[in-house]
Structures are given as C-alpha cells and as structure tokens.
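Novice: The structure under discussion is supplied below as structure tokens; questions concerning it will follow.
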Amino acid sequence: MKRYLPRQRQLAREALAQLTEGDNPDPDAREEARAEEEAKMEAPIRLWQQRMGGVVAVLRSAGAQRVLDLGCGEGKLLKSLLEEKGLTEIVGMDVSYRSLEVASRNLRLDRMPAKQRERLKLIHGSLMYRDKRLAGYDAATVVEVIEHLDAPRLAAFERVLFEAARPKTVIVTTPNAEYNVKFDTLPAGKFRHKDHRFEWTRTEFQQWSAGSVSALDTE
C-alpha cells in the first residue's frame, strides 16, 4: 500500500486496515503506543534525559563530527544533537515512515534555518540490511533499540553496524534489568515494554559488547 500510494500515507494506512479487517493493527501506530507506554513509566525518574546527556557527552569526548542516529524514532535525540555545534552532519534513520514524519514535525524542519537544515537528514531504512548510506561516519548512536530485536535480527543488525557501516565510535543504550526494581508499577520479572525481546543485566550487556568487538577483530 505504501509503495503504490507513496504520497498519500493516510490512504495507505486506511487501505491496509481494511485489508487486515482490524486483526493486525497499524504497526506504526502500535509502535507509537508502546513508546508512549515506556516513556510514561520512566518519566518520574527522568531516565530519558539522563540517556540523552550521556550520549551527547560521549560524542563530545570522541570528537565526532558526522553522526548517525539509528532507530531515531520521533527525533528526541536528534533535537539534542542539533544543539551541538561541533556536529557538522547528523543523519536519523528509522524503519517507520510515520516516526520520520513525526520527527520532521517535532524538529520543525520546514521552519528550520537553512544552515541548520543542511546539517540534518532523515532517511528511511532497516537496521537488518547493509546500506551504503551508513558508511563513513564518525559515530553511530543506537538508543533503546536492540532490546526490540529477537536473536536472528540482532545478529543481522550486528553485521550491518560492525561489519558494514563500521563507524569509529558506537554508542548503544539498552534497559538495565537490574534497575527495574525502581519502577513501582512494574511486576517482578516483567519487562518495561511489551515488545522487548530481552532486558539484560550489565554483565550480559558487557558480554554482548565484547563478543561484537571480538567478531569484528577477526575480520
């Protein structure tokens, strides 16, 4: 539907809904609802702001100028990155057309000054497939994304990021399972988000990170 109605997103969504007769909700709308649910849970302790500050600090220390935000969603991190004058090129990529549309509105791209607008590009793409557009960047940020990937898709993403794109610096954040006790409304043993495939401890995350780097070193 999206292919044949590229400039009429609403019609495409309505056609898809009719074809599925409501049994399979719009995946973009479902993802938005899930993101809102997770954001509400984390809001009282401001985890999102802490993540943004931490990511930006690492980018500064790395001296990055050209940055990818993979799985950029609705543009929360992109907004922070645009405030960093040392970043000369910022690319946000997401698999969801709707999220990119929302990001464009949130960032007010249509009103953005020309010099600022030249620094930012939003692209549609999947993290599962090698993409020449992702090569040659100083850094890539992957914020609260990998926990939504099952094992086969996570393995595919690792190849895309570490073997094909190969940015000099990679910043990955993912929920720390040891922190879940901080959420009063989260039952013991449950994930923060219904779509999470896993939530690692710090040790498990370190093991995954070390394994990804080791695999890259053998290439």
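Novice: State the extension gain, in nm to one decimal, for the chain segment bounded by residue 58 and residue 163, taking 0.36 nm per residue of separation less the distance between their alpha-carbons.
Specialist: 35.6 nm
Novice: Say the cut-off is 32 Å between C-alpha atoms; which of 79/194; 79/182; 85/190; 76/115; 79/168; 132/190 go over it?
Specialist: The answer is 85/190; 132/190.
Novice: Right, another one. I need the shape label for the range 99-219. Rule: rounded when a/c is under 1.5, else prolate if a/b > b/c, else oblate, with a, b, c from the alpha carbon gyration tensor.
Specialist: oblate
Novice: Can you give me the distance in nm between label points at residue 79 and residue 190, each placed 7 Å from the Cα along the Cα-to-Cβ direction?
Specialist: The answer from the label model is 2.8 nm.
Novice: So if each residue of separation counts as 0.36 nm, and I subtract the Cα-Cα distance between residue 135 and residue 207, what length gain in nm does that give?
Specialist: Residue separation times 0.36 nm, minus the Cα-Cα distance, leaves 23.4 nm.
Novice: Taking H placed 1.01 Å from N in the peptide plane, check which residues at least 5 places from residue 170 or on another chain put their amide H under 5 Å from its amide H.
Specialist: 140
Novice: Sticking with this one: How much net charge surrounds residue 116 when only other residues with a Cβ under 14 Å from its Cβ are counted (Lys, Arg +1; Asp, Glu -1)?
Specialist: Here the count lands on +3.
Novice: How big is the dipole moment of the range 40-140 about its Cα centre under a simple scheme where the beta carbon of each Lys and Arg is +1, that of each Asp and Glu is -1, and everything else is neutral? Debye, nearest 20, please.
Specialist: 160 debye
Novice: Another question, then. Round to a whole number: what % of the accessible area of the range 103-215 belongs to carbon and sulfur, probe 1.4 Å?
Specialist: About 51 percent, which is the carbon plus sulfur part of the accessible surface.
Novice: Ignoring ligands, DNA and RNA, what accessible area per residue does the range 86-206 give at 1.4 Å, in Å²?
Specialist: About 55 Å² of surface per residue is accessible.
Novice: State whether the range 41-176 is rounded, prolate or oblate according to the following rule on the C-alpha gyration tensor (a ≥ b ≥ c being the square roots of its eigenvalues): a/c under 1.5 gives rounded; otherwise a/b larger than b/c gives prolate, and the remaining case gives oblate.
Specialist: Rounded is the answer for the range 41-176, as its axis ratio a/c remains below 1.5.
The values are calculated or read from the model by the stated rules, or taken from the named source; none is laboratory data. Values in this document were obtained by computation on a predicted structure and should not be read as measured data. Counting neighbours? That spans all protein chains shown, and the Cβs are built from the backbone with ideal geometry, glycine included. Only protein heavy atoms, including side chains, enter the accessible area calculation; ligands, DNA and RNA are left aside. Shrake-Rupley method; radii C 1.70, N 1.55, O 1.52, S 1.80 Å.
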